[in-house]
Amino acid sequence: MAKLDASLKSAYELAAKNLALTKFPEEDWIRVNGVRLSKTRKIQSEKSKNAKDVLEKEMEIASMLAAAGHFVWMLPENNAVGKNPDAIIDGLIYDFKQVKLSKVEQRFVEALKQANNVVLRLLDERNVSRVLGKIKKHVKNKKVGTLFVIIGSDVRRFDFDEI
């Protein structure tokens, strides 16, 4: 089992790296707290307080995912017209949202417009089933997609068909 886990982990790492380097061949990447951060994104974040605050929150989420054993590459801003996902995690493109339970449904729908996969970090909720209940109707017809729910330091992953 350990050998399979190591092989799977290597596959996730390679998938994340290949996707990042294929989508952004001219990008330079720096390592911060176990996360690969687009150098362009870091430079962009230094241009305004808002951009800096957003990156700090997203890097906090990314670092938590990396600490849980996932391979995270934080993408540059404005990398496609109309879409601006935040990261590649284990070879899939994700959008991050940090929310309170009262806004989880609205913010989840917004995230789905950016990427097929979503990371929700809850600021005021401790019950994962309440979170899943709020978004269930938005994933029931989706065949593909994954969700990470972060509550406190707990990181959980769900395929949309499990919700």
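Where a number appears in this text, it was derived from the coordinates with a stated rule and is not lab data. In this text, all values refer to a predicted model and were calculated from it rather than measured experimentally. Positions of Cβ are generated from backbone atoms using ideal geometry, with glycine treated the same way; all protein chains shown enter the neighbour counts.
Using Cα pairs closer than 8 Å and at least 6 residues apart in sequence, work out the relative contact order for the chain, in percent. Could you put the intermediate results ahead of the total?
Working: 261 pairs, mean separation 26.6, N = 163.
Relative contact order of the chain: 16 percent.
Each Lys and Arg Cβ is given +1 and each Asp and Glu Cβ -1; about its Cα centre, the chain then shows a dipole of about 400 debye. Mind telling me which of V118, V54, V149 comes out most flexible in a GNM of the chain, alpha-carbon contacts under 10 Å? Ranking V118, V54, V149 by mean-square fluctuation puts V54 first. For the chain, DSSP calls about 55 percent of its internal beta bridges antiparallel. A dipole drawn for the chain from +1 and -1 charges on Cβ atoms has a positive end, and of I30, S48, L19 the residue lying farthest that way is S48.
Mind sorting L14, L122, L112 by how few other Cβ atoms lie within 10 Å of their own Cβ, fewest first? Walk me through the numbers before you get to the answer.
Details: L14 12, L122 21, L112 18.
Starting with the residue having the fewest Cβ neighbours, the order is L14, L112, L122.
Find, among the trypsin sites (Lys or Arg not before Pro) in region 63-117, those assigned to loop by DSSP (not H, G, I, E, B) with at most 16 other beta-carbon atoms within 10 angstrom. Before the final figure, lay out each step's value.
Numbers: sites: K83, K97, K100, K103, R107, K113; in loops: K100, K113.
Passing both the DSSP loop test and the Cβ count: K100, K113.
As a rough footprinting exposure proxy, the listed residues Y12, Y94 were ranked by other beta carbons within 10 Å of their own, and the order from fewest upward is Y12, Y94. Only aspartates and glutamates eight or more places from K57 in sequence, or on another chain, were considered; those with a Cα closer than 17 Å are E46, E77, D86, D95, D124, D154. Structure remark: mean-square fluctuation, Gaussian network model of the chain, C-alpha springs under 10 Å; the largest value among N78, N117, N141 belongs to N141.
For every helix of n ≥ 4 consecutive DSSP H residues, a contribution of -39,500 (n - 2.57) applies; sum these over the chain, divide by its total residues, and give [θ] at 222 nm rounded to the nearest 500 deg cm²/dmol. Before the final figure, lay out each step's value.
Numbers: 5 runs with 69 residues, N = 163.
Result for the chain: -13500 deg cm²/dmol, rounded to the nearest 500.
Remark: the S102-D159 segment gains 18.3 nm on full extension, using 0.36 nm per residue and subtracting the alpha carbon distance.
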